[in-house]
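Here's the structure we're looking at; comments come further down.
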Amino acid sequence: MAWGIECGDGWYDLLREACYLIQSDKQIQFTQVKEKYGGLRLYFLGGGDFEDGVVAMAERASYMICERCGSRGRPNDGGWISTLCDSCRRD
């Protein structure tokens, strides 16, 4: 990946679990991992329906996990959209 992983540490466990599930089936190549509109985006080459499903599940779950700390979070309503817990949103 040219730019590395461009999201907060709070989604580390989510990424780790998605990679574990995918790697147990077959190898794929991630081309980009980033935050966009408050959610995780995973772009990859290779894989099939199973890998598509794992990625979709991880992306959907990211809207409920604080990108900074990993606690339960939610996206804000306006401005720069980010998914944060109440504590991180105040900081």
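The values are calculated or read from the model by the stated rules, or taken from the named source; none is laboratory data. Just so you know, these numbers come straight off a predicted model, no measurement behind them. Heads up, the Cβs are rebuilt from the backbone with ideal geometry, glycines too, and the neighbour counts pull from every protein chain shown. Note: areas computed on protein heavy atoms with side chains; ligands, DNA, RNA excluded. Shrake-Rupley method; radii C 1.70, N 1.55, O 1.52, S 1.80 Å.
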Test for Gly47: is it more than 21 Å from Arg72 (Cβ to Cβ) and assigned to a helix (DSSP H, G or I): no
Odd one out for Ala61, checked against (1) on the phi < 0 side of the Ramachandran plot; (2) of a type outside the set (Lys, Arg); (3) surrounded by fewer than 13 Cβ atoms within 10 Å (Cβ to Cβ): (3)
Count - residues of the range 18-34 that are modelled with pLDDT under 95, among the charged types (D, E, K, R) and within 25 Å of Leu84 (Cβ to Cβ): 0
Residue count, the range 26-41 (criterion: part of a strand (DSSP E or B), under 23 Å from Gly78 (Cα atoms) and open to solvent by 90 Å² or more (accessible area, probe 1.4 Å)): 0
Some residue of the range 5-25 being part of a strand (DSSP E or B) and surrounded by fewer than 18 Cβ atoms within 10 Å (Cβ to Cβ): yes
Yes/no for Glu67 being assigned to a loop (DSSP other than H, G, I, E, B), at pLDDT 95 or above, surrounded by 16 or more Cβ atoms within 10 Å (Cβ to Cβ) and not aromatic (Phe, Trp, Tyr): yes
